[in-house]
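J.: Here's a structure for you.
What follows is calculated from the coordinates using simple rules that are stated; it is not laboratory data. No experiment lies behind these values; they were computed from the predicted model shown. Note: ideal-geometry Cβ built from the backbone for every residue, glycine included; neighbour counts use all protein chains shown.
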Amino acid sequence: MSDPLLDLFTTIKKRKSSKDKNSYTFKLLKEGQQKIAQKFGEESSELIIDYLKGTKKRVIEEASDVIYHLFVLLVSKKISYADVLKELAKRKNVRRK
């Protein structure tokens, strides 16, 4: 069974090295950390706004944008999907204050 999040992460990694000038992902990664952080912040803000005042459909759309931009951010820092899964596994059943 396919993992759509892993598929998205893999596609972003491939686009980073594709040098396809028509690829939004390639362009975003080429623009660097400032632009990537800005886009992630914008998408996060849009998600919060739609969470508070938007429709379920808009929340789903904005959540998808946040996930995409999060993955771009991770790829730009050379953080793998497995790195994140490993961290989540460490946190399983851990009580926090």
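J.: Does the chain come out rounded, prolate or oblate by the C-alpha gyration tensor, with a ≥ b ≥ c the root eigenvalues, rounded set by a/c under 1.5 and, if not, prolate when a/b is larger than b/c and oblate if not?
T.: Details: a/c = 1.69, a/b = 1.13, b/c = 1.49.
Because a/c hits 1.5 or more and a/b fails to exceed b/c, the chain counts as oblate.
J.: Place the peptides 83-90, 57-64 in order of packing, highest mean first, counting for every residue the other Cβ atoms within 10 Å and averaging per peptide. List each step's numbers first, then the result.
T.: On the way: 83-90: 10.8, 57-64: 14.6.
Ranking, from highest mean packing down: 57-64, 83-90.
J.: To the nearest 0.05, what FRET efficiency results for E42 and R95 with a Förster distance of 30 Å applied to their C-beta separation?
T.: Numbers: r = 34 Å, r/R0 = 1.14.
Efficiency for this residue pair is about 0.30.
J.: For the cross-link pairs K14/K77; K27/K57; K16/K78; K57/K92; K13/K77, which exceed 21 Å when the distance is taken from alpha carbon to alpha carbon?
T.: Values: K14/K77 15 Å; K27/K57 28 Å; K16/K78 11 Å; K57/K92 30 Å; K13/K77 11 Å.
Result: K27/K57; K57/K92 exceed 21 Å.
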